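Visitor: Quick one: this structure, given as structure tokens, is what I'll be asking you about.
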Amino acid sequence: MVKQHNQLIIVVMGLLDLVVTTGTWAGCFYLRFYSGWFSVVENTPPGLAYIADIVIVTLLLTLLLFGRLGMYGVRRGQSIRAEIVDIVRACAIVWIVLVAISLFLRSSPVSRKLLGMFLIAWPAALICYRGAVRMLLRFFRTRGRNLRTVAIVGTGRLAQKLLHVLTSQRWTGYQTLYFVGDTHIGDDLLGVPVHGPIENVDRILATEPVDVAFIALPKHHSDLLENVLNKLSTALVDLNVVPDLLSYHFLRHEVRQIGSLGVVNLTHSPQSGWNATMKRIFDVVLSLAAIIVLSPLMLLIAAAIKLTSPGKVFYVQRRASLGGGEFNIIKFRSMRPNTKTDGEQDEWSPSENNPRVTVVGRILRKLSLDELPQLFNVLTGDMSLVGPRPERPEFIKRFTGQIPRYVLRHHVKSGITGWAQVNGYRGRTSLHKRIQYDLDYINRWSFGFDLWILILTVFRGFVNRSK
């Protein structure tokens, strides 16, 4: 049955937003003028009247804009990360409007340090208190309070996947009571009873009412979807359709709104937008630090190459990265020059027994030290520290026709190290396995995952056992 969302919780959260906002202004005011941490131009610090008008305007803007910016929507199934993004965005918008209004309303400008402190402290305070509320709700839901009962229409792989998600993430507060399907009727499926057939879905939900119904039918039963929706059009239930995206093995899925039309993007890269900016900063800082720290070692390697073998210290080769864009990858030369070709390699992933490999080159390859100059590729933006290994354009054309979804790895920047490399798939190893790990990396990507891969690289990623 349809339940009204707890308006009391929304009202309380709205009031707490105002209380936290007022408290943040008071705290910033005290730190700015009375804590002694900052110099005060006036002999006597200003009183609370100094910020009274700007506090009132902030509270009014909070009341007017927070609701429109989705701050009081239902977040039962939303991640804490998404809520943090919403909080920061809402606070930034209100702050910008607040500063613009204060320039017209006040005869004397507000302290810039005070405004800056509030911009930092306000979203931080909201994140802390809303995080505490979220943890409290999760605590009650995992103990059987504030639940929403669920019926899942369908018994296939998609429906079972949905059950797994709802069961494993108990903090969402969804409790699955039964499936509705055409198979396993009268039996239990994964510990949940199955009612049926689907033809009688309206009668089943009327006999055993639930709060939420999820329609999770496979794409080859899409003809049933319209029938089910028609039957449930008069049911007092919160109705949701779960698209069968499991049948499309691409990257992460993202639901977008184009005008009034909802669109599902099957190749959404997690390394886009703000994440791309942060990853770029992460790459620049760490690659620059690594170049500074490892510069003595790289100079020593360059001298060893120059003294033991004729030719250049580095070799440059065309590779492809994000979007298939080509760039020149830099490596320490590990083979004797080949007068017949411009590149060092004539074949994909040549073996260590190649007679052109030098003594120094064999050591460099074994310890992956020949790849250190790629730190400069990271610094210039052609590569990332972590990502799928870049490939030569001619091999990309070959592999695209041989390996399904191979090109999906080019939705992110190539990297010096990656999930496949730290799991032993490098050099002359299974290309299919390597692609599998590359796509798994893209789907699971996070900054924490990147850090974990870098740590694994330090402990087991340098020694190349496949060469």
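Visitor: Among bridges DSSP assigns within region 274-461, what percent are antiparallel (round to 5)? All intermediate terms of the calculation are to be shown ahead of the outcome.
Guide: Working: 9 of 11 bridges.
Around 80 percent of the beta bridges assigned by DSSP in region 274-461 are antiparallel ones.
Visitor: Sequence-distant or interchain residues sharing an amide H contact under 5 Å with S368, placed H: which?
Guide: The list, which skips near neighbours in sequence, is N464.
Visitor: Below 11 angstrom from the Cβ of I396, what's the summed charge of the other residues (Lys, Arg +1; Asp, Glu -1)?
Guide: Numbers: positive: R318, R319, R392, K397, R398, R409; negative: E326, E391, E394.
Neighbour charge sum, excluding I396 itself: +3.
Visitor: Can I ask one more? Take the alpha carbon atoms of region 148-247, find their radius of gyration, then divide it by 2.2 N^0.38 Å using N residues; give the quotient. Can you show the working numbers first?
Guide: Working: Rg = 12.2 Å, N = 100, 2.2 N^0.38 = 12.7 Å.
Region 148-247 yields a ratio of 0.96.
Visitor: Between V357 and residues 5 or more places away or on another chain, which pairs have amide H atoms under 5 Å apart, with H built 1.01 Å from N, and which residues are they?
Guide: Those qualifying (amide H under 5 Å, at least 5 residues apart or on another chain) are R336.
Visitor: Within region 373-430, which trypsin sites (Lys or Arg not before Pro) sit in a loop by DSSP and count at most 16 neighbouring Cβ atoms inside 10 Å? Before the final figure, lay out the partial values.
Guide: Values: sites: K397, R398, R405, R409, K413, R426, R428; in loops: R405, K413, R426, R428.
Filter output for region 373-430: R405, R428.
Visitor: Return the sequence-ordered ³J(HN,Hα) values of region 389-406 in whole Hz as given by the Karplus equation 6.51 cos²θ - 1.76 cosθ + 1.60 applied to θ = phi - 60°, using x for Gly and Pro.
Guide: Karplus values, whole Hz, x for Gly and Pro: 5, x, 10, 6, x, 5, 6, 4, 4, 5, 5, 4, x, 9, 10, x, 6, 4.
Visitor: Turning to a different aspect of this structure: With the alpha-carbon atoms as the only input, what is the per residue convex hull volume for region 7-141 in Å³? Let's see the in-between values first.
Guide: Numbers: hull volume 15.2 nm³, N = 135.
Taking only Cα atoms, region 7-141 has a hull volume of 113 Å³ per residue.
Visitor: Also, quick follow-up: If we sort 132-143, 322-333 on the protection proxy, mean other Cβ atoms within 10 Å, highest first, what's the order? The partial results should precede the final answer.
Guide: Values: 132-143: 13.3, 322-333: 17.0.
The peptides rank, most packed first, as 322-333, 132-143.
Visitor: Do any of K413/K433; K306/K413; K279/K312 go past 23 Å between their Cα atoms, and which?
Guide: Pairs exceeding the cut-off: K306/K413; K279/K312.
Visitor: Can you tell me the length gained on complete extension of the stretch M278 to I292, counting 0.36 nm per residue apart and subtracting the Cα distance? Kindly include the intermediate steps, with their values, before the conclusion.
Guide: On the way: separation 14, 0.36 × 14 = 5.04 nm, distance 2.14 nm.
Extending this stretch completely gives an extra 2.9 nm.
Visitor: Next question. In the neighborhood of L119, defined by Cβ-to-Cβ distances under 12 Å, what is the net charge if each Lys or Arg adds +1 and each Asp or Glu adds -1? Provide the component values of the computation, followed by the final result.
Guide: Working: positive: R112, K113; negative: none.
The answer is +2.
Visitor: Could you work out the local net charge near G381, counting Lys and Arg as +1, Asp and Glu as -1, over the other residues with Cβ closer than 12 Å to its Cβ?
Guide: Working: positive: K279, R280, K413; negative: D283, D382.
Residues near G381 contribute +1 overall.
Visitor: Show me, for region 411-424, the HN-Hα J-couplings you get by feeding each phi into the Karplus relation (A = 6.51, B = -1.76, C = 1.60, θ = phi - 60°), rounded to Hz, glycine and proline as x.
Guide: 7, 10, 5, 6, x, 5, 10, x, 5, 5, 5, 6, 9, x
Visitor: Still on this structure, please answer the following. May I ask you to evaluate 6.51 cos²θ - 1.76 cosθ + 1.60, the Karplus curve with θ = phi - 60°, for each residue of region 322-336 and list the ³J(HN,Hα) values in order in whole Hz, giving x for glycine and proline?
Guide: Whole-Hz 3J(HN,Hα) from phi for region 322-336: 4, x, x, x, 8, 8, 9, 7, 10, 9, 5, 5, 10, 10, 5.
Taken together, the values in this text are just the output of simple stated rules run on the coordinates, not laboratory data. Only a predicted model underlies this, so the values are computations on that prediction, with no experimental measurement involved. Note: ideal-geometry Cβ built from the backbone for every residue, glycine included; neighbour counts use all protein chains shown.
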